[in-house]
1. Would you list T280, T345 from the most to the least accessible area, probe 1.4 Å?
2. What length, rounded to one decimal in nm, is gained on full extension from A355 through to D387, with 0.36 nm per residue of separation minus their alpha-carbon distance?
3. Under the rule of at least 5 residues apart or a separate chain, name every residue whose amide H is placed under 5 Å from the amide H of I332.
4. Comparing D124, D25, D309, which has the greatest mean-square fluctuation in the GNM of the chain with Cα pairs linked when under 10 Å apart?
5. For the chain, give the percent of accessible area contributed by carbon and sulfur heavy atoms, probe 1.4 Å, rounded to a whole number.
6. Could you name the lysines in cross-link range of K278, using Cα to Cα under 30 Å and dropping any fewer than eight places away on the same chain?
7. Which whole-number percent gives the relative contact order of the chain, counting Cα pairs below 8 Å spaced six or more residues apart?
8. Which one, M367, M422, M89, has the greatest fluctuation when you compute a Gaussian network model over the chain with C-alpha springs under 10 angstrom?
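The values are calculated or read from the model by the stated rules, or taken from the named source; none is laboratory data. Quick caveat: nothing in here was measured; it's all calculated off a predicted structure. Using ideal geometry, Cβ is built from the backbone for each residue, glycine included, and neighbour counts are taken over all protein chains shown. Please note that ligands, DNA and RNA were not included when accessible areas were found on the heavy atoms of the full protein model with its side chains. Shrake-Rupley method; radii C 1.70, N 1.55, O 1.52, S 1.80 Å.
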Amino acid sequence: MPRIFGTDGVRGLANGQLTAELALDLSVAAARVLASRGEFEGHRPLAVVGRDTRISGQFLEHAVVAGLASAGVDAVRLRVLPTPAVAYMTQALGADLGVVISASHNPMPDNGIKFLARGGHKLDDAVEREIEQHLDEPWERPLGGDIGRVTPYATPVEEYVEHLVSTIDKPLTGIKVVLDCAHGAAYRAGPAALLAAGAEVIAIGIEPDGLNINDGCGSTHLGPLRAAVLEHGADVGFALDGDADRCLAVDHAGNDVDGDQIMAILALGMAETGHLAKNTVVATVMSNLGFVQAMRAAGIGVRQTKVGDRYVLEAMKVSGYSLGGEQSGHVIMSEYATTGDGILTALHVLERMAATGESMASLASVMTRMPQVLVNVPGVDKARADDDAVLAAAVAEEEAALGETGRILLRPSGTEALVRVMVEAPTQDEAQSVADRLAEVVRSQLAL
């Protein structure tokens, strides 16, 4: 059977690849698999279901809930709620299953379904594969009182906000912050959490209409955030994506602050307070060399994984690390959350600002971003990227020339027929030249 689950659940064009029928079937299969694994033994099974603001989330939510109830699972509707909030409520309510209906930072026509295990953690690959194998097959349906009940939950936003604010110790009084909620799932929880923590908040991207999620705003489009920070004379600005599991920032002058810089700020603060487990932070191979150098200078270890927050999470879970993330703004603080949480990230960066009295620009300057160039080479045989001797020799030659002043990463795309060439070097021109030379070797050696 072809894979339906990707690295972050099932995702596709809503009502195209991702239909109501598929949503219902996935929910039934998930319930049956968990039941067969003994997850529901001795109690009535319970699931919580939340979604982002996409118009398609409405029919998909009803399909998911119908599937769960028909399989004998009680379903609690959380309605519009960020992904990390659904994970929190899964844990807080002792639910056997959490379901998030969202396509995160993708454009509005897309949507997705992601299942969370008990405790709010992502399902293992093996469980997802088993769910795929049980799709569209006959099954014995519960009857009478064994059918699941469906109920709305009254205060998920309030409870999630209370949890977020409880994770910081210092009030954010005196800090003026702009928060761009991307017209997404955090349009209520984001501003409420920052206000409750004591900050002065200018909220933008808080008028979802079902169609405007991520549309020219949020973490994928920092222009509106930058303009609002400058217009209001704010100390800092944060941008969330559609489901609020990632966060990027700009300083008071409108300069971008990426996920690597945010992780550096948090790592130093956590190391000082003894909250950085094993004095190590988890990042991916795409993290800027400047981040690794800054951590090394501070005596903090860096564990690097493949690209993708699921790999960061796996490394953190296996080794007990407390901080990890990606340059894209997925930041995971495992002491407080089981997944990336953009609002939580913003609160803890703001707490660091309040505790040190330093500006975002000053805190972010702990690392110097190395000039980084990424060239995508399409129309090549990406399967041969790791085995071609001529390409390997070209990479080795360029690496030798850069020495410790730069870095090269050449990797096949996981979803497209292309190879990505990433180069970091002391100057932008040098990085571009090296990337262009290697891209040409990729084109000639891996031509189809």
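1. Numbers: T280 20, T345 0 Å².
Largest to smallest exposure gives the sequence T280, T345.
2. Working: separation 32, 0.36 × 32 = 11.52 nm, distance 5.05 nm.
This chain segment gains 6.5 nm when fully extended.
3. Result for I332 returns G324, G325.
4. D124
5. Numbers: 9190 of 17920 Å².
Here it works out to 51 percent.
6. K122, K170, K306, K317
7. Details: 990 pairs, mean separation 55.5, N = 448.
Reported relative contact order: 12 percent.
8. Of M367, M422, M89, the Gaussian network model singles out M422 as fluctuating most.
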